[in-house]
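Before any comments, here is the structure.
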Amino acid sequence: MHGFGASWRHWRHTIPALSAAGFHVHAIDLLGFGASAKPASHLSGDAPLEGAVTYGFDLWAEQVVVLDAVNPQIAARLARALDRWRKFDAVRQPLMRAALEQVAAHAQSPDVLEVVGKALSS
């Protein structure tokens, strides 16, 4: 799977080598990239819109909470992505803080709660 801002085409030279080595290769585009669908976005506080998806800090928070139920240690590492939220500009700070608060309200593991708690109190 490609990184942000890329598409499956960035793997086009690697796919044949992986296949030749005996690997089964599936090259997909992340939602909103390459040839994938480009659905409307939905951020917290927005009015519901059929077919809309969350992204950005809302998506991050959602995924940390989901991952927390499966693997708290990895979720805690992912939660550290916003532990320096205060160093960002005035536009992003409230969005990042809201995402951290969303994780704090829904996470279950001590690992994630510790990381998020420290981030919010710093």
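Each value in this text was obtained by applying a stated rule to the coordinates, not by laboratory testing. None of the values given here were measured: they were computed from a predicted structure. All Cβ positions, glycine included, derive from the backbone under ideal geometry; neighbour counts span all protein chains shown.
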Item to check | The lone exception for S44 - which of (1) in contact (Cβ under 8 Å) with a residue 40 or more places away in the chain; (2) more than 16 Å from V115 (Cβ to Cβ); (3) part of a helix (DSSP H, G or I) it fails | outcome: (3)
Checklist entry - Can you tell me which residue in the stretch 31-59 is surrounded by the fewest Cβ atoms within 10 Å (Cβ to Cβ), limited to those that are in contact with a helix residue (DSSP H, G or I) (Cβ under 6 Å, 6 or more places away or on another chain) and within 14 Å of L100 (Cβ to Cβ)? => result S44
Checklist entry - Is it the case that some residue within the stretch 49-70 is within 16 Å of L120 (Cβ to Cβ), assigned to a helix (DSSP H, G or I) and without any contact (Cβ under 8 Å) to a residue 40 or more places away in the chain? => result yes
Checklist entry - So E62 clears everything in (1) touching a helix residue (DSSP H, G or I) at 6+ places or on another chain (Cβ under 6 Å); (2) under 16 Å from A105 (Cβ atoms) except one condition, right? Which one? => result (1)
Checklist entry - Would it be correct to say that L43 is at negative phi and in contact with an Asp or Glu (Cβ under 8 Å, 6 or more places away or on another chain)? => result yes
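Residue-wise test of (1) in contact with an Asp or Glu (Cβ under 6 Å, 6 or more places away or on another chain); (2) over 20 Å from G45 (Cα atoms); (3) surrounded by fewer than 17 Cβ atoms within 10 Å (Cβ to Cβ).
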| site | (1), (2), (3) |
| --- | --- |
| Q63 | no, no, yes |
| V70 | no, yes, yes |
| A75 | yes, yes, no |
| A79 | no, yes, no |
| Q102 | no, no, no |
| V116 | no, yes, no |
| L120 | no, yes, yes |
Next on the checklist: Considering only residues that are surrounded by fewer than 13 Cβ atoms within 10 Å (Cβ to Cβ) and over 25 Å from the mean Cα position of the chain (by Cα), which ones fall in the stretch 15-30?
Outcome noted: P16, A17, S19, A20, A21, G22, F23, H24
